[in-house]
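The values are calculated or read from the model by the stated rules, or taken from the named source; none is laboratory data. In this text the structure is predicted, and so the values were computed from the model without any measurement. Cβ coordinates were reconstructed from backbone atoms using ideal geometry, including for glycine residues, and neighbour counts include every protein chain displayed. Accessible surface is based on the protein model in full, side chains and every heavy atom, while ligands, DNA and RNA are left aside. Shrake-Rupley method; radii C 1.70, N 1.55, O 1.52, S 1.80 Å.
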Amino acid sequence: MIIVMASRKLEDIQHVVDKVKELGYIPHVIEGVEKTVIACVGEERGKESLVALQALPHVEKVLPILKPFKLASREVKQEKTVVKVGSVAIGSDLFCVIAGPCAVESREQIMQTAEFVKGSGAHILRGGAYKPRTSPYSFQGLEIKGLELLKEAGEKYGIPVITEAVTVEQVPVVADYADIIQIGARNMQNFGLLRAVGKLNKPVLLKRGMMSTINEWLMSAEYIMSGGNQNVILCERGIRTFEPETRNTLDIQAVPIINKYSHLPVVVDPSHASGVWDLVIPMSRAVVASGADGIMVEVHPNPEEALSDGAQSLKFSKFELLMREIKPIVEVLGRRL
Ligand code: PEP
Ligand code: MN
């Protein structure tokens with residue numbers, strides 16, 4: 001249920017919050033531009049209805065939330081959420097570019113890439129330290145050493161960093177080193193992991209599972225938000241279809257659908273969606289046009305020698321070309337790079 005407040009005074013809001021708690025629901029106060037609303041979540045069975053709170057002074061109305069996702073829904077919060085990572089505001093008029101290698105492989109590799117992508121206008125540096133690989137015999141990432149190198153590169157070149165936590169145990173250490181914690185496609189419904197990052201006060205980029213519906217994806221965002229962490233960025237990364245030409249199929253329609261149902265920022269990863277580097281630039285152009293808040297692309301100094309995902313990684317000159325090609329589209333949409 002959503003309680004729309006008629007007053008914005010702290011004591012009036014607190015009074016309603018206390019009543020909601022007394023009834024056994026969890027209140028989340030959301031300050032909108034025009035009104036303050038209190039989203040009340042929790043199992044309704046066996047509890048007194050919140051509709052009775054309509055009688056309280058300073059309450060304008062009590063409405064049901066129709067979608068199964070609540071805190072992630074536009075019904076609860078109409079204004080777009082802006083997730084701030086240092087000076088980078090994801091979900092604002094900025095079109096955010098996240099770039100870097102699939103995995104951190106060496107100091108030289110991550111330093112060179114950080115310097116290049118930052119110099120070309122990227123806003124956030126990516127690099128996996130713990131890699132969720134299909135085969136246990138494939139390169140699994142440099143782990144703690146990878147986190148150290150990524151952080152060092154981010155600090156040296158003045159760019160925030162994102163990296164994935166694959167297990168619950170890795171969450172505290174990844175949170176220590178990264179500015180954004182990535183939850184990978186394979187873990188989108190790892191509810192223990194979602195709850196663990198939901199307790200943090202650190203931005204989380206939640207990738208869409210390769211076999212997940214948009215509704216399931218938003219329900220996973222809800223897990224994180226219901227734990228108290230509202231700093232969620234959604235990332236479409238392609239879904240599995242019958243089309244064998246590409247690694248996955250980029251569901252570009254997910255972007256306007258997310259923008260319709262949710263206030264959370266949404267970015268797109270055309271690298272994992274396509275699996276081939278020469279589709280990354282055309283798909284990035286389409287991503288900008290779709291109304292997404294950014295892209296995440298894999299960039300490597302020498303893709304032929306990459307220890308993971310070389311086939312979909314852009315070499316430096318192609319990343320520079322990508323930045324040049326998306327710029328006019330970003331600008332025509334009234335955004336900036
Ligand atoms: C990644 O971005 O490093 C990754 C493993 O992607 P996904 O979880 O989308 O497969
Ligand atoms: Mn990868």
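Tell me whether segment 1-129 comes out rounded, prolate or oblate; compute the Cα gyration tensor, take square roots of the eigenvalues as a ≥ b ≥ c, and use a/c under 1.5 as the rounded threshold. Judged from the Cα gyration tensor, segment 1-129 comes out prolate (a/c at least 1.5, a/b above b/c).
Which distance in nm do the two modelled labels at residue 302 and residue 135 give, with both placed 7 Å along the Cα-to-Cβ direction? The two pseudo-label positions are separated by 2.2 nm.
Counting only DSSP beta bridges whose two residues both lie in the chain, roughly 40 percent are antiparallel.
Restricting to lysines 8 or more places apart or on different chains, can you count the pairs in segment 2-63 with Cα atoms under 18 Å from each other?
Count of close lysine pairs: 8.
Taking Lys and Arg as +1 and Asp and Glu as -1, the other residues whose beta-carbon sits under 11 Å from that of residue 41 total -2. Taking the C-alpha atoms only, the angle from helix 10-22 to the longest principal axis of the chain is near 90 degrees.
Within the full protein context, the accessible area of residue 81 is estimated at about 20 Å² for a probe radius of 1.4 Å. Against the main long axis of the alpha-carbon atoms of the chain, helix 280-290 sits at an angle near 20°.
Under the convention that each Lys and Arg Cβ holds +1 and each Asp and Glu Cβ holds -1, the size of the dipole of the chain around its Cα centre is about 440 debye. Of the solvent-accessible surface of the chain, computed with a 1.4 Å probe over protein heavy atoms with every protein chain present, carbon and sulfur atoms account for 53 percent. Anisotropy class assigned to segment 83-332 is rounded, per the alpha carbon gyration tensor with a/c under the 1.5 cut-off. With 22 Å as the limit on Cα-Cα distance, the pairs of 70/199; 84/315; 84/118 that go past it are 84/315.
Each helix, a run of at least 4 DSSP H residues, gives -39500 (n - 2.57); summed and divided by the residues of the chain, these come to -10000 deg cm²/dmol at 222 nm. Computed with a 1.4 Å probe over protein heavy atoms only, the accessible surface of segment 2-63 comes to 58 Å² per residue. The C-alpha atoms of the chain define a longest principal axis, and helix 144-157 lies at about 90 degrees to it.
How about segment 1-73: which trypsin sites (Lys or Arg not before Pro) there lie in a loop by DSSP and see at most 16 other Cβ atoms within 10 Å?
Those satisfying the criteria are 8, 9, 35, 45, 47.
Accessible surface computed residue by residue for segment 83-332, with neighbouring protein chains in place and a 1.4 Å probe, gives 39 Å² per residue. Annotation: extensible slack from residue 332 through residue 49 equals 97.1 nm (criterion: 0.36 nm per residue apart, minus Cα-Cα distance).
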